[in-house]
Amino acid sequence: MPSLKDLKNRIGSVKNTRKITKAMQMVAAAKLRRAQENAEAARPYAERMNAVMAGLAGSVGQSDSAPRLLSGTGTDKVHLLVVMTAERGLCGGFNSSIARLARGHAQRLLAAGKTVKILTVGKKGREQLRRDLADHFVGHVDLSEVKRLGYANAQAIARDILSRFEQGEFDVATLFFNRFQSVISQIPTAQQVIPAVFATDAPTALYDYEPSEEGILADLLPRGVATQVFTALLENGASEQGARMSAMDNATRNAGDMINRLTIQYNRSRQAAITKELIEIISGAEAL
Amino acid sequence: MRVDIVTPERRLASADVSEVQIPGADGDLTAMEGHAPTITTLRPGLLRAVAAGGTTTYVVTGGFAEITSAGVSVLAERAVPLDEANGALFDSLIAEAREAAATTDDKDGAEKLVADMIAARAAAGH
């Protein structure tokens, strides 16, 4: 049975914790709004880009002159997994869900006899995958110094991926990130970027092309990779804040419950102590 | 006709104009209402949107323009209104293009990009 003093200290410390989690929740809510706005603002570009590329890919895709970014290298022996996670924790299952999806994917590929290479973006994913997949790490992108995610960050990552592709380091590249659904739901997603895949039912409008269709496609495909990386980064950013917000909301609520329980316990033991003292006095008086 | 200028980070401008002068990869072209549907890649240069109220000029690099009979949407990797562009911006763009030219296998294309950047800078008057 803890003493009254212990209980009082305990309640104080839980109250402090609740203050911190509450503050983190509010910060996350503010950041979430900004992240969502950024993701929203980036959508028109990504959508148009995709629509035009899908149209082009539909008409050029089958020919032999199709760029390798679209047609692939002809094999799928070496896979590059780009695992995008947060730089910071305390955001519920956000990082683990991406890591779990990537790990499952990697193990399936390894079991099928493929080679797996992993490029990590954000240190939390790296920490989680280090235990069993550390031998497959080929690079890491650190975004902890980045205050505001810009297209330049995505371009840098895309350039890294593309130069590896040109040097023949891998055949297939897949991005792993969380797609933002709502504050309580983020969907871990695996998206293949090289060779590029498009929805096949894209309407092929009749356009004149300057220069040729192949020329445009060759110019657009690398930009498309950067765009997809950028979209993934933004989705991830919004998901991270959403996950953190709901995790901290839970933590705040749990701290509240705990304070209530501890307060009841504290009051009971205080009452018990008083009763005990009264009994002692009364029985002392009766004995006289 | 309608012109939309979109960058990866946001929609920069959307306006009603009478014509748009586009720095296409194969040469400049002007799109007016009723233009045949065309998709062209952009070279670094100046894009002018001419409206009754005046002309707005943007510095654009990389990307493409989609022209339909009703409007033009320009998807540029970088687009800056001309009055916000300065020497430092062009310096950084040219430096970036040079760096890319130094590492790539496609020397021809990369050098052309550098030359285009320098021409764009001269056209912008910086």
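Can you pull out the residues in region A:69-97 that are in contact with a helix residue (DSSP H, G or I) (Cβ under 8 Å, 6 or more places away or on another chain) and farther than 30 Å from residue A:24 by Cβ? Full working, then the answer.
Here is the first cut: in region A:69-97, the ones in contact with a helix residue (DSSP H, G or I) (Cβ under 8 Å, 6 or more places away or on another chain) are A:69-70, A:79-96.
Selection gives A:69, A:70, A:79, A:80, A:81.
Given the options A:255, A:238, name the one that is of a type in the set (A, V, I, L, M) and modelled with pLDDT of 95 or more. Quick ask: steps written out before the conclusion?
On the way: A:238 fails: modelled with pLDDT of 95 or more.
Of the residues listed, the single one that is of a type in the set (A, V, I, L, M) and modelled with pLDDT of 95 or more is A:255.
Here are the criteria: (1) without any contact (Cβ under 8 Å) to a residue 40 or more places away in the chain; (2) under 21 Å from residue A:56 (Cβ atoms). Tell me which single one residue B:54 does not satisfy.
So residue B:54 meets the others, but not (2).
Given the conditions (1) more than 30 Å from residue A:206 (Cα to Cα); (2) in a strand (DSSP E or B), which single one is not true for residue B:66?
Checking residue B:66 against (1) more than 30 Å from residue A:206 (Cα to Cα); (2) in a strand (DSSP E or B), the one that fails is (1).
Scanning region A:174-211 for residues that are exposed (fewer than 13 other Cβ atoms within 10 Å of the Cβ) and small (Gly, Ala, Ser), which turns out modelled with the highest pLDDT?
Across region A:174-211, the extreme among qualifying residues is A:182.
Return yes or no: is residue A:169 closer than 12 Å to residue A:194 by Cβ and acidic (Asp, Glu)? So that I can check it myself, show each step before the final result.
Details: closer than 12 Å to residue A:194 by Cβ: yes; acidic (Asp, Glu): yes.
Yes; evaluated as a whole, the condition is true for this residue.
Hey, any hits in region A:120-141 for a residue that's acidic (Asp, Glu) and outside any helix (DSSP H, G or I)?
Restricting attention to region A:120-141, the residues satisfying the condition of being acidic (Asp, Glu) are A:127, A:132, A:135.
Of the ones still in play, those that are also outside any helix (DSSP H, G or I) are none.
Scanning region A:120-141, I find no residue that is acidic (Asp, Glu) and outside any helix (DSSP H, G or I), so the answer is no.
Would a scan of region B:98-111 turn up a residue that is surrounded by 15 or more Cβ atoms within 10 Å (Cβ to Cβ), among the hydrophobic types (A, V, I, L, M, F, W, C) and in contact (Cβ under 8 Å) with a residue 24 or more places away in the chain?
No.
Picking from A:175, A:133, A:119, A:162, which residue would you name as being within 12 Å of residue A:83 (Cβ to Cβ) and over 16 Å from the mean Cα position of the chain (by Cα)? If you could, list the steps in order and put the result at the bottom.
On the way: A:175 fails: over 16 Å from the mean Cα position of the chain (by Cα); A:119 fails: over 16 Å from the mean Cα position of the chain (by Cα); A:162 fails: within 12 Å of residue A:83 (Cβ to Cβ).
Unique residue meeting the criteria: A:133.
Exactly one of these conditions fails for residue B:56: (1) out of contact with any helix residue (DSSP H, G or I) (no Cβ under 7 Å at 6 or more places or on another chain); (2) surrounded by 22 or more Cβ atoms within 10 Å (Cβ to Cβ). Give me its number.
(2)
Pick from region A:157-173 the residues that are without any contact (Cβ under 8 Å) to a residue 60 or more places away in the chain and loosely packed, with under 15 Cβ neighbours inside 10 Å: which of them is farthest from the other protein chains (Cβ to nearest Cβ)?
It comes out as A:167.
Just to check your reading of the model, which residue among B:96, B:77, B:9 is closer than 25 Å to residue A:227 by Cα and assigned to a loop (DSSP other than H, G, I, E, B)? Quick ask: steps written out before the conclusion?
Details: B:96 fails: assigned to a loop (DSSP other than H, G, I, E, B); B:77 fails: assigned to a loop (DSSP other than H, G, I, E, B).
Of B:96, B:77, B:9, the one residue that is closer than 25 Å to residue A:227 by Cα and assigned to a loop (DSSP other than H, G, I, E, B) is B:9.
Give the residues of region B:61-82 that are closer than 13 Å to residue B:20 by Cα and either within 10 Å of the chain's Cα centre (by Cα) or away from chain A (no Cβ under 11 Å) (or both), sorted by residue number.
Filtering region B:61-82 down to residues closer than 13 Å to residue B:20 by Cα leaves B:65-74.
Within region B:61-82, B:65, B:69, B:70, B:71, B:72, B:74 qualify.
Return a yes/no flag: does region B:12-19 have any residue that is at the interface with chain A (Cβ under 8 Å from one of its Cβ atoms) and at pLDDT below 90.
Here is the first cut: in region B:12-19, the ones at the interface with chain A (Cβ under 8 Å from one of its Cβ atoms) are none.
There is no residue in region B:12-19 that is at the interface with chain A (Cβ under 8 Å from one of its Cβ atoms) and at pLDDT below 90.
The values are calculated or read from the model by the stated rules, or taken from the named source; none is laboratory data. All values reported here derive from a predicted model rather than from experimental measurement. Note: ideal-geometry Cβ built from the backbone for every residue, glycine included; neighbour counts use all protein chains shown.
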